[in-house]
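Asker: Structure in structure tokens, see below.
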Amino acid sequence: MTIRVLLVGCGNMGFAMLSGWLASGKLTPSETLVIEPNDELRQRAAGVGAGVAASSAGLGPDVSPEIVVIAVKPQVLREVLAGYKGLAGKSTFLSIAAGVGVSAFTEILGSGAAVVRCMPNTPASIGKGMMVLFSNANVSEQAKQFVNDLMSASGEVATIDDEGLMDAVTAVSGSGPAYVFHFIECLTAAAAKAGLPADVARLLAMQTVNGAAALAAESREDPAVLRRQVTSPNGTTAAALEVLMGEDRLKNLVAEAVEAARARSVELGK
């Protein structure tokens, strides 16, 4: 049996990625092995056909995966990672631990370790995520292509050459879903205040955001062009946009929010 991917940690994000790899055919169950100490989570992984073990002690000497995916919480990463030091010269390590830099891996695994850092976001759990990748100089082109292909099962994939930009990535796409969820909350509340029943208000807000995002994603037009197409001079949309866009209110507020998130990401990474 050839294990191509060793998944260390199979919580919600780890399981979502595993399910996407298998459902898309990017991996077969026999090509995957999951290390998960929690019995319930381990059995869930076994339920989709993956091989499972409770700890790195369950790895046989013949296990030499192409990719070791580290999907554990940042606070336990160093302790867990030490158990896989023996694979550093054989495998590429892929981390989805937020705020943990490549240097944390090379400190434990050695300076020659091949490490890819990934910042996913929560829509990855339904295959609609945004994954941003940074690879250190030790990662081969073949490994980069394999990681890119794997992560594409969870949504769109982008790469950056400067790890320092991960703080900006975190502020935009990592934290970004929360901004959109809050906008849906606000639009729902405004609809209810305007007199719509609560269930109708929620549906209108939810589907409007969903539909507008889908249209923007599928259209060849810039979002600014789409906005102008909806906005008739002196019409209802124009009246609303005067509130949002007057004195760059929304633009400045979003920029301030993103900068606050970026600065906090920098602080947490120290």
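Please treat every number below as a calculation from the coordinates, not as lab data. Bear in mind the structure is a predicted one, so any value in this text is a computation, not a measurement. Cβ placement follows ideal geometry from the backbone for every residue including glycine, while neighbour counts extend to all protein chains displayed.
Asker: With angles folded into 0 to 90 degrees, how steeply does helix 12-24 sit against the dominant principal axis of the chain? Use alpha carbons for both and round to 10.
Answerer: 80
Asker: For the chain, find the longest principal axis of its Cα atoms and tell me its angle to the long axis of helix 198-218, 0 to 90°, nearest 10.
Answerer: The angle comes out at about 70 degrees.
Asker: Right, something else. Counting Lys and Arg as +1 and Asp and Glu as -1, each charge on the Cβ, what is the dipole of region 176-268 about the Cα centre in debye, to the nearest 20?
Answerer: 120
Asker: For Val34, which sequence-distant residues (separation of 5 or more, or a different chain) have an amide H within less than 5 Å of its own amide H, given hydrogens modelled in the peptide plane?
Answerer: Leu7, Gly51, Val52, Ala53
Asker: Still on this structure: Taking amide hydrogens as modeled 1.01 Å from N in the peptide plane, which residues meet the under 5 Å criterion relative to Thr28, leaving out close sequence neighbours?
Answerer: none
Asker: Throw me the Rg/Rh for region 1-131, computed over C-alpha atoms with Kirkwood Rh, two decimals. If you can, show how the numbers build up before the last one.
Answerer: Values: Rg = 13.7 Å, Rh = 14.7 Å.
Ratio of gyration radius to Kirkwood radius: 0.93.
Asker: How big is the Cα convex hull of the chain in projection, averaged over all directions, in nm²?
Answerer: It is 17.0 nm².
Asker: Additional query: Report, in debye and to the nearest 20, how large the dipole of region 5-167 comes out about its Cα centre when Lys and Arg carry +1 and Asp and Glu carry -1 on their Cβ. List each step's numbers first, then the result.
Answerer: Numbers: 10 positive and 15 negative charges, 51 e Å.
Charge dipole of region 5-167: 240 debye, to the nearest 20.
Asker: Under 17 Å from a label point 7 Å along Cα→Cβ of Arg227: give me every residue in region 247-270 with its amide N that close.
Answerer: Of the residues in region 247-270, 247-258 have backbone N under 17 Å from the label point off Arg227.
Asker: Can I ask one more? In whole Hz, what ³J(HN,Hα) sequence does region 167-175 give by Karplus (6.51, -1.76, 1.60; θ = phi - 60°), x for Gly and Pro?
Answerer: Rounded to whole hertz, the list is 5, 5, 4, 4, 5, 8, 8, x, 8.
Asker: If you don't mind, another one. Past 21 Å, Cα to Cα: identify those pairs from Lys26/Lys128; Lys85/Lys270; Lys90/Lys128, in the order given.
Answerer: Beyond 21 Å: Lys85/Lys270; Lys90/Lys128.
Asker: Let me ask something else about it. Can you give me the Cα centroid spacing of region 57-94 and region 213-241 in angstrom?
Answerer: 48
Asker: Okay, next question. Can you tell me the orientation of helix 176-193 relative to the chain, as the angle in degrees between its alpha-carbon axis and the longest Cα principal axis, to the nearest 10?
Answerer: 30
Asker: Then there's this: Placing one identical point scatterer on every Cα of region 57-103 and ignoring solvent, what is log10 I(q)/I(0) from the Debye formula at q = 0.17, 0.19, 0.26 Å⁻¹?
Answerer: Those come out to -0.50, -0.62, -1.08, one per q.
Asker: Full-extension gain between Ser103 and Ala239, please, as 0.36 nm times their residue separation minus the C-alpha to C-alpha distance.
Answerer: Details: separation 136, 0.36 × 136 = 48.96 nm, distance 5.08 nm.
Residue separation times 0.36 nm, minus the Cα-Cα distance, leaves 43.9 nm.
Asker: Please compute the Kirkwood hydrodynamic radius over region 176-268, one decimal place, Å, based on all pairs of different Cα atoms.
Answerer: 15.2
Asker: How would region 128-168 be classified by its alpha-carbon gyration tensor: rounded, prolate or oblate, with rounded meaning a/c under 1.5 and the a/b versus b/c comparison settling the rest?
Answerer: Oblate.
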